[in-house]
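Comments concern the structure below.
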Amino acid sequence: MGITLSRAAQWTTASSNIGKLEFTPMNELLLKEILSFVEEFSSQHPQQAEHVFKEPLQWTTTLVASDFKTDYDISDSVVQSQEKDSEGHPLLLLSPPNVYVRSFSQLCKLVHLTNDKKLEEVRACLEDNRNPVVKVLGPSFAAELEGDNQDETRLFAKVKEEEEHKDTDDKVKLFLLLQNLDKQLLIKLLHEISQQVELNPAAVKNEVEMLKRSCGNGESRLLKSIQYTSDYEFSNGCRAPPWRQVHGEICYLVIEPCDSETLYITCSTAGVFLNRGIKQKGEENDYERTSDTYEDLVSLLKSKSPQFAKNINKQDCAVQELPSTQKIQHVESVDAEEQGQPQRSYEQQEKNVHEKARQQHTANKAGGKMKYEPCPRWKDLGLKCPPGRAEEKKPNKSSGEEKSGEMYKKKMATGAKSKMKADFSVSSLPGHLSPLKIKTSAGALPVEVFSESSTESEEEEEQPERRPESNTDLPSEYWHIQKLVKYIKGGDQRFTVLTLCTLMDFNLMQETCQLAIRDVGGLEVLINLLDTNEVKCKIGSLKILRKISSSVQIRRAIVEMGGLQSIVKIVDSEEEELMALAAETIAIVARFPKARRTVRQYGGIKKLVKLLDCVSNLANLSVRQEKDVEIARCGTLALWSCSKSTRNKDAIRKAGGIPLLGRLLKSPHESMLIPVVGTLQECASEESYRIAIQTEGMIKDLVKILGSDNDELQMHCASAIFKCAEDKQTRDLVREYKGLQLLVSLLSKADNKHLLAAATGAIWKCSISMENVAKFGEYNALEVLVNLLTDQPEEVLVNVVGAVGEFAQIPENKATIRRCGGIKPLVNLLTGTNQALLVNVTKAVGACATDMDNMVIIDQLDGVRLVWSLLKNPSADVQSSAAWALCPCINNAKDAGEMVRSLVGGLELIVNLLKSTNNEVLASICATIAKIAKDKENLAVLTDHGVVPLLAKLTNTTDDRLRRHLAEAIGHCCMWGSNKALFGEAGAVAPLVCYLKSKDSSVHQSTAMALYQLSKDPNNCITMHEKGVVKPLIHIMGSDEEMLQEAAAGCVRNIRLLALANRKVQLFY
Amino acid sequence: MSELSAMNRKKIQSLADKLSKHVNHFSKTEIECLICDFNVLLREQINPGKANGLDRQNFRSILYNKFGMSDAIIMDAVFRTFDTDVDSFISVKEWIEGLSVFLRGTLDEKIKFCFQVYDSNGDNYITKEEMFHMLRNSLIQLPNDEDPEEGVKDMVEITLKRMDYDHDGKVSLADFDKAVREENLLLEAFGTCLPDRKSIRGFEQQVFQHQLEK
């Protein structure tokens, strides 16, 4: 009942609480339904009828004492019922003109007493009790009724905890009854609504267009003028403000008929009626209906303007003279025109439209169900449907859905406005903070950070506009802003500045305001101001642009409109305030590639870099210098944003930005340092910057700043070191300036994940130098790192694990990892999905596995199987890293052969990876095969899977790393059956001989071993000999390595033996 | 002649001495230059008469020619603000004291100056009527033939509401001060009454350097 009353009933004044129910058929129906519900209540639900209301229903009645009969206590004009509630209040109390009723049974009796005035009583009751449910059941129940929760048990619980009454049961039943009534009413009303003809924006627009054409001069003109009150058309075709759209209003018109006074008209889905005069201000009470509702504009105008009626009838007659078949054709042609072919002659078209309207008219009268189709966009945005529409379309919707739909609309329409605002301001916050976010995550990006610009992949995505939502509840700000923009357009400098100041008072960080400014054409105006000579206007405009640019859509719009060029132009103006503001605005706008490109293409980078050239000594500044420094800071902020494009990084460098940044790095102010270090760390993805940072001596400053106590600053610093420490010299410098200890101390700030990611990243890269690892050992870094192996976000884990992997290169650290319980978390991480993390984890596990004691633990944790299964990972990096990790595992496992065999399908997987095209994968797999092949049984399996031809096929490679491991694998695979001969047949021997010419001595070693094995087959010996293997082998025999000597010599011996045998054969036979 | 100019010079110096005690932003030499310049301006005055100062018309033409101001209402108001003794003439003292704020004033001084300019009846409040008077012609046109005057009224209401922190329906100096500190753009909200950077530079260059060369 609550919902129906608040939404479906047509109150005279929509917003006030003392409104009257209008005399409309809908309301009539509503009242009748409620009346019959009340009348039958006592007989149908006697028990619930006795339930005493939470508060009495009170209204002004027409009843007097004499209407009451004997079972009431009557004294003078006051009437009391004999029944009382538990506190002694009579259940019915009449003290004219008011009546108080406390139960349905009394209500029912009362209704029966009133005879012919029943409806009036119900009407009065509802008008005075806008929310009867609250009074009957109490507010919490009313809320429940409007909510979509219909869980009975919950209701019981609620009632019980609320009061220990015996009538709990009744209350719930009553509640359910009311709920049911509500539903019934809604369905009835909707049915009623669907019978009515409705207008839609397209239809109204057509009609207005048609009437517009008939304005003008001359005898036969229909109207003097017809105008919309608003030029702005929402995407759904409506011009009414959204909070009026929920009432079904489409637009407002101001029409000047030829013969009567100006008409102010509201077009709504329910029809067309006069309002109190909505001009452009749109005061709330102006919306009130002051006339009957008409089906369309023409019929309204006909009744209001005799001349209009006369003229239009004339035209109607003209049309009617046409033969009927033609008439139909005409109607069709109008339809065609509506779809966008307006080439017909104006006169004819006009007539057609009239004709159509007229026809429709008659159709309506005949009770037909002819209806305008809602335009498709409207359909999509279900919530823009006028109340009832959605349900009307899906009458079978479950009641739950229906409720929630209703609930939502209610929320949209009533007090939710303020709440929505709050939501928006919150939601706009992340956007505002996004630079920080983007940057930090950039720092935490793994390996590929160094190859390319860190954030190119993190560009702002095209955000879907949240228009539909905000549209439905645009607040009054929208109209204020529209007015202000109009003022800016029409005012002089003073007025414009005042208006801009007023505009600044809006909450410009709020999306509603931002979009409102854009939608009313405010952006163009603001951008135009930038090209004027008025300094104050420019300042005002920039102050606003700077704020509204927190919205992605606004940023895009500014760039699309060419506003960024204008802003760039201002960067080198003479006014300091303007320069700073322009730079600051660029910093916010240039958050997507196109904007950054624009800045560069219009020479912005150079101008911005110039801003950095301020004071050389940044301590002890005068007031004037402080201003310059502030400008430099804004410039750096802008460069920071711009520096996310690789080309801009180049441009900054070419404009001489690096030394200037280096100078600003000595500033004592954190507000300055943050953008400076931010820019540097962003640019450090480029090698040229890394070199410059090192050679300009910035590492020293960076390390110093690392010791500040500002988290953000430390984070950018660590990030910069993270990227720069790719270079060995930088790593050494960090150690020299005692940066390592600072980095380790940052690990204690484990709550700040961005900082932690940057710090661990820096530690990882620094630990590539073994001297640093030793130094880290002094600060017990490894212990801390091992503790960070659990419960951290992936970007931290990647770095931590990377560092642990580097630390584990030193034998004593392997034991430390084990002692601190690091093996288990490492093995657990093998089940992850982050590829960068998996690469590092497998590497770390592999490094740990070189220690026998660690290997025992890994084996117990089933780590080998996990690593092995990573060979199935689609990433080549993960595959190769896993394969490399397998080598030490197989080497050090106690019963390696058995372990390998226990992995079902494992060997087949390995052999199949020989088909990979990635050399690193191939090399790692070859290395693994070499380890596996040490077990004869496994070698047999490998052979069965066809390892020989696959290896042979690879022999043509020129990659030394692959050659080395390939030769090793071939050497080991020769140990089974006829593999030696098979390699020969597959043509593997000749390329192997060529390997001996390689410059890499490790290739020589494994090749010599392989050749030795292969030379055990006579045919291979012949091939080798033919390829001139002897000479290089003899050379290798002179190596210092015994293994190598032995293999080379063995090979030569085999060849020699074959030759001797041949000789013997020739001699003796 | 030289004797006269020497006498003159002495006079100027002693005057400069006296003035420098009241004026913060000019050095003594600069004050001397300004005195000389003032004398030149006085001599150029169209009706020199017997007055010992610049009259309104002359002052307005200086504002127009040297500082690019054009709004008659504001120029009169600036004259009124310079003319501290209300004798309808700007004496050399008033001129130099006024210029001190006009050219080099701190934000505080400028706020006070502008407030005085806008407070046309000198009752220490800027009222709605005063605002409307100053802004009367500031809204040039509105679409749909709306009445610009209504727009101005509307803006005056908005601005008054914004500046009137103590809710007494008018803007006191304290209100104005607070509003300007919150948003600097409001300093010259009701009309440009301070010179822009370029004309300041031009004027100073002309007066100080030109005079020093002599």
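Under the condition of being buried (at least 24 other Cβ atoms within 10 Å of the Cβ) and under 16 Å from residue A:694 (Cα atoms), the residues counted in the range A:629-657 number 1. Here is the figure for the range A:503-514: residues that are within 14 Å of chain B (Cβ to nearest Cβ), surrounded by 20 or more Cβ atoms within 10 Å (Cβ to Cβ) and in a helix (DSSP H, G or I) total 1. Of the listed requirements (1) more than 47 Å from the chain's Cα centre (by Cα); (2) among the aliphatic types (A, V, I, L, M); (3) buried (at least 23 other Cβ atoms within 10 Å of the Cβ), residue A:921 misses just one: (1). Go over the candidates A:5, A:30, A:57 one by one and state the one that is modelled with pLDDT of 80 or more, within 51 Å of the chain's Cα centre (by Cα), outside any loop (DSSP other than H, G, I, E, B) and within 13 Å of residue A:122 (Cα to Cα). It is A:57. Filtering the range A:791-808 to residues that are under 9 Å from residue A:767 (Cβ atoms) and open to solvent by 10 Å² or more (accessible area, probe 1.4 Å) leaves only A:806.
With the structure loaded, tell me whether residue A:517 is more than 11 Å from chain B (Cβ to nearest Cβ) and buried (at least 24 other Cβ atoms within 10 Å of the Cβ) or whether it fails that test.
On the way: more than 11 Å from chain B (Cβ to nearest Cβ): yes; buried (at least 24 other Cβ atoms within 10 Å of the Cβ): yes.
In short, yes.
When we screen A:260, A:225, A:230 for residues that are open to solvent by 20 Å² or more (accessible area, probe 1.4 Å), under 24 Å from residue B:146 (Cβ atoms) and within 14 Å of chain B (Cβ to nearest Cβ), the only hit is A:225. With the requirement that a residue be in a loop (DSSP other than H, G, I, E, B) and free of Cβ contacts under 8 Å to residues at least 40 places away in the same chain, what does the range A:239-267 give you? Selection gives A:239, A:240, A:261, A:262.
Looking only at the range B:113-122, decide whether some residue is of a type in the set (Asp, Glu), open to solvent by 10 Å² or more (accessible area, probe 1.4 Å) and more than 9 Å from chain A (Cβ to nearest Cβ). Within the range B:113-122 (the criterion being of a type in the set (Asp, Glu), open to solvent by 10 Å² or more (accessible area, probe 1.4 Å) and more than 9 Å from chain A (Cβ to nearest Cβ)), the answer is no, since none of the residues qualifies. Does the range A:594-616 include one or more residues that are closer than 23 Å to residue A:496 by Cα, more than 14 Å from chain B (Cβ to nearest Cβ) and touching an Asp or Glu at 6+ places or on another chain (Cβ under 7 Å)? Within the range A:594-616 (the criterion being closer than 23 Å to residue A:496 by Cα, more than 14 Å from chain B (Cβ to nearest Cβ) and touching an Asp or Glu at 6+ places or on another chain (Cβ under 7 Å)), the answer is no, since none of the residues qualifies. Exactly one residue among A:101, A:136 is open to solvent by less than 10 Å² (accessible area, probe 1.4 Å), β-branched (Val, Ile, Thr) and at pLDDT 80 or above, and that residue is A:101. Among the residues of the range A:755-780, the ones that are more than 12 Å from residue A:722 (Cβ to Cβ), touching a helix residue (DSSP H, G or I) at 6+ places or on another chain (Cβ under 6 Å) and open to solvent by 10 Å² or more (accessible area, probe 1.4 Å) come to 2 in all. Pairing each residue of the range A:1048-1069 that is at pLDDT below 85 with any residue that is surrounded by 10 or more Cβ atoms within 10 Å (Cβ to Cβ), provided the two are 6+ apart or on different chains, yields no C-beta distance under 8 Å. Select from the range B:177-206 the residues that are in a loop (DSSP other than H, G, I, E, B) and at the interface with another protein chain (Cβ under 8 Å from one of its Cβ atoms) and write down the one among them that is surrounded by the most Cβ atoms within 10 Å (Cβ to Cβ). Looking at residues that are in a loop (DSSP other than H, G, I, E, B) and at the interface with another protein chain (Cβ under 8 Å from one of its Cβ atoms), I get B:190. Looking only at the range B:156-176, decide whether some residue is facing another protein chain (nearest Cβ under 8 Å) and either assigned to a loop (DSSP other than H, G, I, E, B) or under 26 Å from residue B:64 (Cβ atoms) (or both). Among the residues of the range B:156-176, not one is facing another protein chain (nearest Cβ under 8 Å) and either assigned to a loop (DSSP other than H, G, I, E, B) or under 26 Å from residue B:64 (Cβ atoms) (or both), which makes the answer no.
Criterion first (open to solvent by 40 Å² or more (accessible area, probe 1.4 Å) and touching a helix residue (DSSP H, G or I) at 6+ places or on another chain (Cβ under 6 Å)) does residue A:820 satisfy it? Lay out the reasoning, then the answer.
On the way: open to solvent by 40 Å² or more (accessible area, probe 1.4 Å): yes; touching a helix residue (DSSP H, G or I) at 6+ places or on another chain (Cβ under 6 Å): yes.
Yes; evaluated as a whole, the condition is true for this residue.
Residue pairs whose Cβ atoms lie under 7 Å apart, sitting 6 or more positions apart in sequence or on different chains, and linking a residue in the range A:653-675 that is of a type in the set (S, T, N, Q) to a partner that is assigned to a helix (DSSP H, G or I), are A:667/A:673; A:671/A:633. Scanning the range A:585-628 for residues that are assigned to a helix (DSSP H, G or I), basic (Lys, Arg) and open to solvent by less than 50 Å² (accessible area, probe 1.4 Å) gives A:596, A:607.
Residue under question is residue B:56, and the condition is that it be over 24 Å from residue B:18 (Cβ atoms), open to solvent by 20 Å² or more (accessible area, probe 1.4 Å) and either away from chain A (no Cβ under 14 Å) or modelled with pLDDT of 90 or more (or both); does it hold? I'd like the intermediate steps shown before the answer.
On the way: over 24 Å from residue B:18 (Cβ atoms): yes; open to solvent by 20 Å² or more (accessible area, probe 1.4 Å): yes; either away from chain A (no Cβ under 14 Å) or modelled with pLDDT of 90 or more (or both): yes.
It is true that residue B:56 is over 24 Å from residue B:18 (Cβ atoms), open to solvent by 20 Å² or more (accessible area, probe 1.4 Å) and either away from chain A (no Cβ under 14 Å) or modelled with pLDDT of 90 or more (or both).
Would you confirm whether any residue within the range A:735-746 is under 37 Å from the mean Cα position of the chain (by Cα) and either over 22 Å from residue A:800 (Cβ atoms) or open to solvent by 30 Å² or more (accessible area, probe 1.4 Å) (or both)? Scanning the range A:735-746 turns up at least one residue that is under 37 Å from the mean Cα position of the chain (by Cα) and either over 22 Å from residue A:800 (Cβ atoms) or open to solvent by 30 Å² or more (accessible area, probe 1.4 Å) (or both). Scanning the range B:123-155 for residues that are over 15 Å from residue A:495 (Cα atoms) and at the interface with chain A (Cβ under 10 Å from one of its Cβ atoms) yields B:143, B:144, B:146. Does residue B:106 count as under 20 Å from the mean Cα position of the chain (by Cα), closer than 20 Å to residue B:22 by Cβ and within 14 Å of chain A (Cβ to nearest Cβ)? Yes: the conditions hold for residue B:106.
For the structure I just gave you, tell me whether residue B:99 is under 11 Å from the mean Cα position of the chain (by Cα) and buried (at least 16 other Cβ atoms within 10 Å of the Cβ). The answer is yes for residue B:99.
Residues that are of a type outside the set (D, E, K, R), away from chain B (no Cβ under 14 Å) and in a loop (DSSP other than H, G, I, E, B) were ranked within the range A:545-575; the one that is most open to solvent (accessible area, probe 1.4 Å) is A:561. Residue count for the range A:866-906, restricted to those that are more than 23 Å from residue A:918 (Cα to Cα) and among the basic types (Lys, Arg): 2. Comparison of B:87, B:83 shows that the only residue that is over 18 Å from residue B:203 (Cα atoms), more than 15 Å from the chain's Cα centre (by Cα) and away from chain A (no Cβ under 14 Å) is B:87.
The values are calculated or read from the model by the stated rules, or taken from the named source; none is laboratory data. The structure presented is a predicted model; accordingly, all values stated were derived computationally and were not measured. In this analysis, Cβ positions are derived from the backbone assuming ideal geometry, glycine residues included, and neighbour counts consider all displayed protein chains. Heavy atoms of the whole protein, side chains included, go into the accessibility calculation; ligands, DNA and RNA do not. Shrake-Rupley method; radii C 1.70, N 1.55, O 1.52, S 1.80 Å.
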